[in-house]
Structure formats: structure tokens, C-alpha cells
Amino acid sequence: MNPREHRADIGHERKPWSERIVLFVVAFTFWLLLVWPVGDDGRWLWFDVAVGAAMAALVAVVMRSMFRQNFIRLLNPRCWFWMVVYLFVFTWYVLRGGFDVVYRVLHPAMPISPGIVRARTTLETDTARIVLANSITLTPGTLSVDVTPDGVFYVHWVNVLSEEDEVVAELILRRFEWFIRRIFE
């Protein structure tokens, strides 16, 4: 048995370089957009670019195991289109949830009915489920408490409207799932 087969037998599957390169490109692009290393005179600030390249390389080497499933898919322009659309949809639900929470907090009767509800997702990849869990948590009024390996979400909801799994899934999960599926699955 050669060493490569032995590594596969013990569960250490090697990642293709293409996935690392894609992760580097995404992290480096994010860095450039976040820092915008251009001086007042329009010249690039090469030290900032070098630091960004070093950090992106570090992310590509260290964090590669977090992005296991279909990461190369992010090169597809359709995924980028759906990411932009999803940002608008997500922003809408964040604003709507924020106003709803503000209303409930400022209302004299404080009309809340908090509880933990469960719902099953139709998303199949871990990456898509992580994005869904984070989207739920970042939306005011909901918080992802747990996600089981078989796709059951436990969500703390500030105003429980139903305890039926399918109704909860429709009200909390489905509004994001459609877009996340087009990006990550």
C-alpha cells in the first residue's frame, strides 16, 4: 500500500489544489474589497496588497477543510448573481425582523411569545446549512440553537406563530433556502 492510499484509509483525504486556489482568490478578493488598498493619489498600496495575499494564502491553507463541498462551484457566474440577489433578500428580512423586534420591545404590552421550534431543512450540504444557520441567527427575532446532522434546525423564535415543523420551516427556513440552494448546491 502506498502512502497516499494509507492516508485515504485513515480519513485524511487530500484536497485538490484547485479548491485551495479558489479559496485564495475569494479570500484575497474579499480582502481587497474590504481594505481597498488604493491611496489618495490613485496608486496601489503594495504593502496592504502583500498583507492581503499573505492572509488569503493562510486562509487557503488552514481553512480548506471548512469548505469541503462544491467550493469550486463559486467560480460559476450564476452563483455570484444569486449571491447578489440573496444579499438583497437577506437585507430585506434583516430590516423587517429589526422593525418587528423594535415594535415588540417598544409596545407597552410587549407582545412576545418566545420559544424554541424545530424544522427540517431541504438543503443537503454542510456549507449550505451553515449559511442558512447564520442567516437565521443574523435575522433579528430568530437564533439558530442547533443543527443536527440530518438537517433538523432548532431555532429560538421571539414570537412563535406555530409549533408545527412544516409551518415553522415555511416561515423561517424556506425564505432563505431557495437562494442558498442556487449558490451552494
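Details
- Sites excluded, trypsin sites (Lys or Arg not before Pro) in DSSP loops with at most 10 other C-beta within 10 Å, longest stretch of the chain: 44-185
- To put it simply, the accessible area of the chain at a 1.4 Å probe is 66 percent carbon and sulfur.
- Mean projected area (nm²) of the alpha-carbon convex hull when segment 102-144 is viewed from all directions: 3.6 nm²
- The mean sequence separation of alpha-carbon pairs under 8 Å and at least six residues apart, normalised by the residue count of the chain, gives a relative contact order of 22 percent.
- The helix-only estimate of mean residue ellipticity at 222 nm for the chain, built from DSSP H runs of length n ≥ 4 each weighted as -39500 (n - 2.57), is -17500 deg cm²/dmol after division by the residue total.
The values are calculated or read from the model by the stated rules, or taken from the named source; none is laboratory data. The shown structure was predicted, so the numbers you read here are calculated from the model rather than taken from an experiment. We place every Cβ from the backbone using ideal geometry, glycine too, and count neighbours over all the protein chains shown. Just so you know, the surface numbers come from the protein's heavy atoms only, side chains and all, with ligands and any DNA or RNA stripped out. Shrake-Rupley method; radii C 1.70, N 1.55, O 1.52, S 1.80 Å.
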